[in-house]
Structure formats: structure tokens, C-alpha cells
1. Select from region 228-273 the residues that are assigned to a loop (DSSP other than H, G, I, E, B) and either touching a Ser or Thr at 6+ places or on another chain (Cβ under 7 Å) or within 19 Å of VAL121 (Cβ to Cβ) (or both) and list them in ascending order.
2. Could you list, in sequence order, all residues of region 170-199 that are over 25 Å from SER247 (Cα atoms) and aromatic (Phe, Trp, Tyr)?
3. Within the bounds of region 9-29, is there any residue that is assigned by TED's automatic domain parsing to the domain that holds PHE124, over 22 Å from MET197 (Cα atoms) and either modelled with pLDDT under 95 or in a helix (DSSP H, G or I) (or both)?
4. Can you tell me which condition VAL68 does not meet? The list is (1) modelled with pLDDT under 95; (2) within 19 Å of ARG165 (Cα to Cα); (3) of a type in the set (Val, Ile, Thr), and all the others hold.
5. Which of the residues spanning region 141-167 are under 21 Å from ALA56 (Cβ atoms) and acidic (Asp, Glu)?
6. Of everything in region 224-257 that's of a type in the set (D, E, K, R), closer than 20 Å to GLY213 by Cα and touching a Lys or Arg at 6+ places or on another chain (Cβ under 9 Å), which residue is surrounded by the most Cβ atoms within 10 Å (Cβ to Cβ)?
7. Before we move on, is ALA182 buried (at least 21 other Cβ atoms within 10 Å of the Cβ) and not in a helix (DSSP H, G or I)?
8. Those residues that are loosely packed, with under 15 Cβ neighbours inside 10 Å and not in a strand (DSSP E or B), I need them from region 63-74; list them, please.
Amino acid sequence: MSWFSKKPGIATAEPSRRMEGLWVKCEACSEFLYRAELEKHLNVCPHCQHHMWWPARERLAALLDAGVFQEMDKGLLPKDALSFSDSKRYKERLKATQKAEGEEEAFVGGLGKLGGRQVSVGCFLFRFMGGSMGSVVGEKITRVFERAYELQCPAIVFSASGGARMQEGILSLMQMAKTSAALARFREVKQPYVSVMLHPTTGGVAASFAWLGDIVLAEPKALIGFAGPRVIEQTIHQKLPEGFQRSEFLLAHGMIDGIVQRRDMRGRLIQLLELLA
């Protein structure tokens, strides 16, 4: 076999694919980046500042105080209550995703500290079925707010989701009301809820708790909205403005409170909690 017949160890940084090999190609500027160096920059391209996919557990480890995150709600597993099947049975899809990602569900939550202050925190795992919110994800998010209520501490949720999980039908849509109700109860203790929208945050997640933060932040160029741009264009038969539904567009139109570079996120969150908690 000729030496040039083998595929090089180069990966794209698309959220739907694993970052394998020593080199990663930036999907924005097409520069080839040494993976170890990219990880030092928190998966942000040093050439164009494009924010690539970043694993949820790595995000929490980098943003929270070192060594204090305690994951909660392990063992909560989704069920196929509707016996749903499309191109594959829902049970089979779940099992395959759990094996491929090494995760039980599309959300991880627990308790940690940020700048020495206790927080109830959670983060979506977008690569687990597009970060879709089913009944278990909704329960885990609800428990983030319930723990914050019981401990009277701030709540922080990092959202990255395609919306409600279609395989669970109405049971998935019910999570919009459930999480919002838990958030409303949490407001009684007068502690802040900071919602951080990542790329992408859409559908029922954006239409419920993700947009109900006391402070709503986003990463640069994150796609945020209920329906996607293509769906809207096909519905209204009009061309949408440049950058529509990106975080910069939303900030300019007063829909979010700020855009924060990944390297600055920990400091900004600490600052906000000092002011509001």
C-alpha cells in the first residue's frame, strides 16, 4: 500500500463529529490547528476566534472552582414510553448514543463553586441526540433549580440544544412548563439565575427556561431562536437579515444581555454573582 493512500489524522470541529487525530481544521477559517494547542485555548480558534464545540464536562471543569463539582442525579435513564420508531427504534437509538458518547443523557447537573460561592449548575451535551430535551433532561434541569431553591444559592445553566425530543412526543413538550415552573419557585429565594446560551440553542429549550434568566449571556455567533432560519424563510417566503438569530443580532435587538468570549466566561460569571447573589 502506498504511503499516500492512508487518510491523514485531521478532524473537523463540527459538533456532530469527534475531534480525532493530532490536527483539527477550523470550520470557519479553514486553518489547521494542533489539537493540544487548541485545547489550551478552550477550543477557540486562535486565528479567527471561532468558538468550536467544547465537551460539557470540560466546560464545567474549566469554569468552576477546581475539584469541587459534584455531579448529581446519576442513574436517571430515559424510557421509551411511546414505543417510538422512525428509521430506528428509540430504545436502540438511545443505547447506541449512550455507548458512543459514554453518557446517560443529554444533560449533566450538580453542585459546584464559582469564585468560592456555591452554585447549582448544569450543562447540555449537544452530541447526545442534539442535546434534545426529553423527560429525563427536563427532570435534571428541574432539579438544578430545586437544589438552588433548597440551598438558596445561584443557578447557572449552559444550554445547547435542538429543542424538545420528538421521540417522546408530548412528554417532551411538558418539560417546558415543568422547568419554567421550577424556575418560578426558585425566584422566591431571590437568588440569581444566569442562563448561558451556546451554539445552538433552539426549539423548546430556547422557548422556556433558557430565555428566562435574570441575566442571559451567549457565546459569539451562537445560533439562538425557536425555529431555525431556513424554516422561517420557507414559512414567510422572505429573505432574513444577515446574521439573523445569531447572538450578535440578538444583542443588538435587546434579546440577550451580553456576548462573552469563552476565555472571559468564568470571570464574568464570578463578577455577576458578586453583584447579584
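1. Filtering region 228-273 down to residues assigned to a loop (DSSP other than H, G, I, E, B) leaves 228, 237-245, 253-257, 260-261.
Residues satisfying the conditions are GLY228, ILE256, ASP257, VAL260.
2. PHE186
3. Step one: of region 9-29, the residues assigned by TED's automatic domain parsing to the domain that holds PHE124 are none.
No.
4. Answer for VAL68: the failing condition is (2).
5. GLU146, the sole residue that qualifies.
6. Of all residues in region 224-257, those of a type in the set (D, E, K, R) come to 230, 233, 239, 242, 246, 248, 257.
Checking the rest, the ones that are also closer than 20 Å to GLY213 by Cα come to 246, 248, 257.
Retained after the next criterion (residues that are touching a Lys or Arg at 6+ places or on another chain (Cβ under 9 Å)): 246, 248.
Working: ARG246: 21, GLU248: 14.
Out of the qualifying residues, it is ARG246.
7. Values: buried (at least 21 other Cβ atoms within 10 Å of the Cβ): yes; not in a helix (DSSP H, G or I): no.
Here the answer is no, as ALA182 does not meet what is asked.
8. The answer is ALA66, GLY67, VAL68, LYS74.
The values are calculated or read from the model by the stated rules, or taken from the named source; none is laboratory data. The shown structure was predicted, so the numbers you read here are calculated from the model rather than taken from an experiment. Positions of Cβ are backbone-derived with ideal geometry, glycine not excepted, and every protein chain shown enters the neighbour counts.
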